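The values are calculated or read from the model by the stated rules, or taken from the named source; none is laboratory data. Every value quoted in this text rests on a predicted model; they were computed, and no experiment measured them. Every residue, glycine among them, receives a Cβ derived from its backbone with ideal geometry; neighbour counts consider all protein chains shown.
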Amino acid sequence: MPESTDKPQQKDGRQKTGAKDAARRAKRKAKRQARAARAAGPTPQWYKYLMFGLMVVGLLWIITFYVTQGLFPLPELGNWNILIGFAVAIAGFLMTLRWRGQ
């Protein structure tokens with residue numbers, strides 16, 4: 001059957017997008033712009049304190065474990081205390097990826 005000449009087609013055989021798709025694209029573009037406007041500001045003060053606090057707590061956890069030869073912070077966990085300290089510190093370092101300065 002021959003192709004219809006009244007509706008133009010794209011290269012892959014689909015018909016051109018209509019007004020519905022254009023509205024959908026405009027809505028997505030508006031959402032993107034709103035998200036960019038929100039993200040443009042500096043990070044809240046509490047975020048900074050939490051980020052640095054986690055890094056310091058993780059470091060102190062590991063130092064305490066080594067200095068007390070495993071008696072503190074949680075002796076029943078044994079060497080898992082090192083993993084806990086690293087996990088807390090890494091959580092703080094991962095927060096730096098989202099931090100925006102002033």
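Which of the residues spanning the stretch 83-102 are loosely packed, with under 15 Cβ neighbours inside 10 Å and either on the phi > 0 side of the Ramachandran plot or of a type in the set (A, V, I, L, M) (or both)?
Hits for the stretch 83-102 are 83, 87, 90, 94, 97.
Need the failing condition index for residue 64 against (1) in a helix (DSSP H, G or I); (2) loosely packed, with under 10 Cβ neighbours inside 10 Å; (3) polar (S, T, N, Q), just the number.
Going through (1) in a helix (DSSP H, G or I); (2) loosely packed, with under 10 Cβ neighbours inside 10 Å; (3) polar (S, T, N, Q) one by one, residue 64 breaks only (2).
Considering only residues that are touching a residue at least 12 places away in the same chain (Cβ under 8 Å) and of a type in the set (Ser, Thr, Tyr), which ones fall in the stretch 67-102?
Restricting attention to the stretch 67-102, the residues satisfying the condition of being touching a residue at least 12 places away in the same chain (Cβ under 8 Å) are 73, 81-82, 84-93, 95-96, 98-102.
Passing the criteria: only 96.
Can you find even one residue in the stretch 73-86 that is within 21 Å of the chain's Cα centre (by Cα) and at pLDDT 95 or above?
Yes: one or more hits.
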